[in-house]
Amino acid sequence: MAQTASYAAMKPKSPLVPYAIKRREPREHDVVIDIKYCGVCHSDIHQARDEWSDYLDESIFPMVPGHEIAGVVKSVGDKVTRFKMGDEVGVGCFVDSCRQCAECKRGLEQYCGVQPVRTYNGRDKDGAPTYGGYSRKIVVDENYVLRMPENLPLDAAAPLLCAGITLYSPLRHWHAGPGRKVAILGLGGLGHMGVKLAHALGAEVTVLSHSSRKQDDALRLGADSFYVTSDPLVFTTKLQGYFDLILNTVSAQIDWNQYLDLLKADGSLVILGIPQRQIPIGAFSLVSRRRSLAGSAIGGIRETQEMLDFCGRHKVVSDVEVIPMQKINEAYERVLKSDVRYRFVIDMASLKSK
Ligand code: NAP
Ligand code: ZN
Ligand code: ZN
């Protein structure tokens with residue numbers, strides 16, 4: 001087992017500190033990846049602070065977060081056919097799944113009936129805890145490794161592995177495209193990718209934000225319009241019954257029924273941001289216009305590759321602020337204050353190799 005430098009939360013809510021982990025010896029289908037960049041997702045913060053204890057069976061500490069991993073193949077196992085040394089690759093939110101259930105067979109490994117093996121805060125099939133991308137190296141089965149588009153910079157492309165696919169998948173599933181009116185609620189790491197992707201797919205895009213601070217950015221990123229959700233007229237007159245699709249990336253508490261009322265008949269409100277507590281819904285908002293309330297999680301391997309190729313063709317990347325590993329605790333505080341434009345990405349060269 002090879003020792004690898006990383007940063008870990010040693011217990012819930014404690015700051016991240018340097019920590020040495022062991023990566024498994026590569027098996028015949030494994031790819032050993034030198035991690036170059038790793039995005040900082042809000043889910044990293046939720047989990048490092050143990051805010052999902054109501055949803056997950058367990059939270060495993062010490063925890064090395066990070067599931068927006070971009071790097072270069074260092075070596076491959078004997079039977080690896082899809083990658084070779086030097087390839088630019090990515091790893092997202094899961095590193096394995098049962099491979100046999102109906103969902104895995106449909107390429108929806110993220111919904112694996114047994115349970116996908118999370119990239120971190122999960123357990124490998126042998127029971128060993130998994131550790132994520134805030135580290136120098138990772139060893140992953142080739143079937144769960146993605147190919148990065150050659151024309152995109154690795155730092156700005158890293159967030160596609162979670163933020164990108166989390167928005168691309170519902171946009172495709174609910175047919176965002178020309179003639180469809182899409183709202184992105186919350187302009188953060190996920191939301192700004194939603195704006196870029198929905199725009200690239202040809203939809204009419206509206207940003208709903210809790211302050212006016214991001215208006216210029218929203219329009220620059222590709223939004224057609226921008227509304228501040230503290231304006232009561234948004235809900236009573238301006239946008240009532242307007243949207244085909246609303247993607248909610250916010251985990252803070254909101255009035256869900258107000259947002260359902262912004263949908264046309266047959267429109268859908270999709271939950272992406274994960275609130276800590278259960279959400280109250282009034283049946284009438286749904287029943288009165290055959291509206292749907294749905295949820296969506298990341299995407300399968302096949303769709304994630306499709307999204308990366310789409311981003312390569314349309315030159316879609318994340319707006320990133322690259323930071324050294326040592327600034328991670330400060331970065332978490334800034335994410336919590338919505339003070340990031342729009343994704344922190346850690347430069348792993350800042351982490352000593354041992
Ligand atoms: P983020 O960068 O922190 O963005 C969240 C956005 O929510 C903020 O930029 C802000 O946008 C809005 N917001 C923050 N505080 C608010 C408040 N008090 N009231 C209303 N809006 C507020 O986080 P992220 O990385 O995009 O992740 C967002 C959520 O998605 C997290 O819960 C994360 O765990 C979850 N997630 C889900 C999936 C999935 O597969 N479903 C995947 C990844 C992440 P404005 O300033 O524009 O209002
Ligand atoms: Zn994520
Ligand atoms: Zn499965």
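Miscellaneous remarks
- Residue pairs meeting the criteria (Cβ under 8 Å; at least 6 apart or on separate chains; first in a strand (DSSP E or B), in region 261-281; second within 16 Å of ligand 3 (Cβ to nearest atom)): none
- Annotation: of all residues in region 259-317 being more than 16 Å from ligand 2 (Cβ to nearest atom) and among the acidic types (Asp, Glu), the one that is surrounded by the most Cβ atoms within 10 Å (Cβ to Cβ) is ASP261.
- Restricted to region 60-90, and to residues there that are over 19 Å from the mean Cα position of the chain (by Cα) and small (Gly, Ala, Ser), the residue that is farthest from PRO116 (Cα to Cα) is GLY86.
- The listed residue being hydroxyl-bearing (Ser, Thr, Tyr), in contact with an Asp or Glu (Cβ under 8 Å, 6 or more places away or on another chain) and modelled with pLDDT of 95 or more, out of TYR168, TYR120, TYR131: TYR168
- Count of region 184-235 residues, restricted to those that are among the hydroxyl-bearing types (Ser, Thr, Tyr), assigned to a loop (DSSP other than H, G, I, E, B) and surrounded by 16 or more Cβ atoms within 10 Å (Cβ to Cβ), is 1.
- Scanning region 82-116 for residues that are within 20 Å of VAL31 (Cα to Cα) and within 16 Å of ligand 1 (Cβ to nearest atom) turns up GLY90, VAL91, GLY92, CYS93, PHE94, VAL95, SER97, GLU109, PRO116.
- Flag if VAL89 is under 13 Å from ARG136 (Cα atoms) and in contact with a Gly (Cβ under 8 Å, 6 or more places away or on another chain): no
- Residues satisfying the stated conditions in region 117-135, i.e. within 16 Å of ligand 1 (Cβ to nearest atom) and either of a type in the set (Ser, Thr, Tyr) or part of a loop (DSSP other than H, G, I, E, B) (or both): THR119, TYR120, ASN121, GLY122, GLY132, GLY133, TYR134
- Residues being out of contact with any strand residue (DSSP E or B) (no Cβ under 8 Å at 6 or more places or on another chain) and more than 18 Å from MET193 (Cβ to Cβ) - total across region 217-265: 15
- Applying the criterion of at least 3 residues that are at pLDDT below 95 and within 21 Å of VAL80 (Cα to Cα) to the strands (runs of 3 or more DSSP E) found wholly in region 1-51 leaves an empty list.
- For GLY273, the requirement of being more than 26 Å from HIS46 (Cα to Cα) and either among the small types (Gly, Ala, Ser) or within 15 Å of ligand 1 (Cβ to nearest atom) (or both) is not met.
The values are calculated or read from the model by the stated rules, or taken from the named source; none is laboratory data. A quick note: this is a predicted structure, and the numbers were derived from the prediction, not measured. We place every Cβ from the backbone using ideal geometry, glycine too, and count neighbours over all the protein chains shown.
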